[in-house]
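Undergrad: Input: one structure, supplied below.
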Amino acid sequence: MSRTPLSAFARREWGALHTAVRAELTVKRWRAVSLTLVSVALTAFFYVLQHRPRGLRLVHDIGFVRAEDPLWLALLRTPLSLFVPALDLPVWGALAQILLVFGIAELTLGRRRTLVIAYVSTLAGTTYARIGVAVGPDGAFGLPASDARIVDTGPSAAVVGLAVFICHRYRAWVTAGLVLLAMIVEVIVEPNLAGKEHLAAIGAVLVVCGADALLRRRGQSSRDGGRSGAPPIRS
């Protein structure tokens, strides 16, 4: 039976990723996405808490990040800020992003790597906000001073970063290009802080992708050298 061009593209673009996801779910079932389920529950909990009279203050103290905050305080709050949904956006969007992208990442990258990439992406976004405000609106990639007071929370930067890294690992280049294009269009259509932070997250993850590719290439060269009997090349 011949494949249609669309099915052939889907198999080429997402075949390896689909196989990896299905294999993990078949063996471990829901245990394979325990981190994702905890993340969804934590985000839902913070959503409910910050809509309580006294809960908003607590969430503010432990998870709200602004560029005007002292650096030590921003770094302390950044890990939890990832799971604090934005007040002005529907929570179902954040929950769906975490369930889908975190779930695929946990199944294909593992829990530790998922957390590292998510944190690097979020930290890149918040760091860019501080630098952009310091540069000012007249500089390249600068931001207005008013952006220093914007609450910077939510999983979106982590989701974008994880999506790009997954595409890199499973060579889904068209999907990676579409993610990047969507973020560029977002900044053009609505040039706000969130969109620019997404691009900063992608930039940071692309650096991680480059390092990952280099390490994997060196590891493969070492294994090939060992099989051939030749000594591995040292850099």
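Undergrad: When you look at V185, is it closer than 30 Å to K28 by Cα and either without any contact (Cβ under 8 Å) to a residue 40 or more places away in the chain or assigned to a helix (DSSP H, G or I) (or both), yes or no?
TA: In short, no.
Undergrad: Restricting attention to segment 77-90, report how many residues are farther than 28 Å from A32 by Cβ and either surrounded by 14 or more Cβ atoms within 10 Å (Cβ to Cβ) or of a type in the set (K, R) (or both).
TA: Residues flagged as farther than 28 Å from A32 by Cβ and either surrounded by 14 or more Cβ atoms within 10 Å (Cβ to Cβ) or of a type in the set (K, R) (or both) within segment 77-90 amount to 3.
Undergrad: Please give the number of the condition S221 fails out of (1) farther than 29 Å from R77 by Cα; (2) among the small types (G, A, S); (3) at pLDDT 90 or above.
TA: Against the list (1) farther than 29 Å from R77 by Cα; (2) among the small types (G, A, S); (3) at pLDDT 90 or above, S221 comes up short only on (3).
Undergrad: Turning to a different aspect of this structure: Counting only residues that are assigned to a loop (DSSP other than H, G, I, E, B) and touching a helix residue (DSSP H, G or I) at 6+ places or on another chain (Cβ under 9 Å), how many does segment 53-71 have?
TA: 6
Undergrad: On to the next question. With the structure loaded, tell me whether L6 is part of a helix (DSSP H, G or I), out of contact with any Pro (no Cβ under 6 Å at 6 or more places or on another chain), exposed (fewer than 14 other Cβ atoms within 10 Å of the Cβ) and at pLDDT 90 or above or whether it fails that test.
TA: no
Undergrad: Turning to a different aspect of this structure: When residues of segment 155-181 are filtered for being more than 13 Å from the chain's Cα centre (by Cα) and of a type in the set (S, T, N, Q), how many remain?
TA: 1
Undergrad: If you don't mind, there's one more thing I want to ask. The conditions are (1) part of a helix (DSSP H, G or I); (2) modelled with pLDDT under 90; (3) out of contact with any Lys or Arg (no Cβ under 8 Å at 6 or more places or on another chain); (4) not small (G, A, S), and R11 fails exactly one of them. Which is it?
TA: Evaluating R11 over (1) part of a helix (DSSP H, G or I); (2) modelled with pLDDT under 90; (3) out of contact with any Lys or Arg (no Cβ under 8 Å at 6 or more places or on another chain); (4) not small (G, A, S) leaves (3) as the failure.
Undergrad: In this structure, does R66 turn out to be within 22 Å of the chain's Cα centre (by Cα), surrounded by 15 or more Cβ atoms within 10 Å (Cβ to Cβ) and over 16 Å from R111 (Cβ atoms)?
TA: So R66 passes the test.
Undergrad: G93: under 27 Å from D61 (Cα atoms) and either crowded, with 18+ Cβ neighbours inside 10 Å or among the basic types (K, R) (or both), yes or no?
TA: no
Undergrad: Is it true that V38 is more than 18 Å from the chain's Cα centre (by Cα) and β-branched (V, I, T)?
TA: Criteria not met by V38.
Undergrad: Anything in segment 47-63 that is in contact (Cβ under 8 Å) with a residue 12 or more places away in the chain and among the hydrophobic types (A, V, I, L, M, F, W, C)? List them, or say none.
TA: Selection gives V59, I62.
Undergrad: C167 passes all but one of (1) surrounded by fewer than 20 Cβ atoms within 10 Å (Cβ to Cβ); (2) farther than 26 Å from V151 by Cα; which number fails?
TA: (1)
Undergrad: On to the next question. Within the set of pairs 6 or more residues apart or between chains, which connect a residue that is of a type in the set (K, R) inside segment 129-156 to a residue that is surrounded by 12 or more Cβ atoms within 10 Å (Cβ to Cβ) with Cβ atoms less than 7 Å apart?
TA: R130/A67; R149/R66; R149/E68
Undergrad: Next up: Looking at segment 103-116, can you tell me whether even one residue there is on the phi > 0 side of the Ramachandran plot and small (G, A, S)?
TA: Within segment 103-116 (the criterion being on the phi > 0 side of the Ramachandran plot and small (G, A, S)), the answer is yes, since at least one residue qualifies.
The values are calculated or read from the model by the stated rules, or taken from the named source; none is laboratory data. Because the structure is a prediction, the values reported are computed rather than measured. Virtual Cβ from ideal backbone geometry, glycine too; neighbours counted across all protein chains shown.
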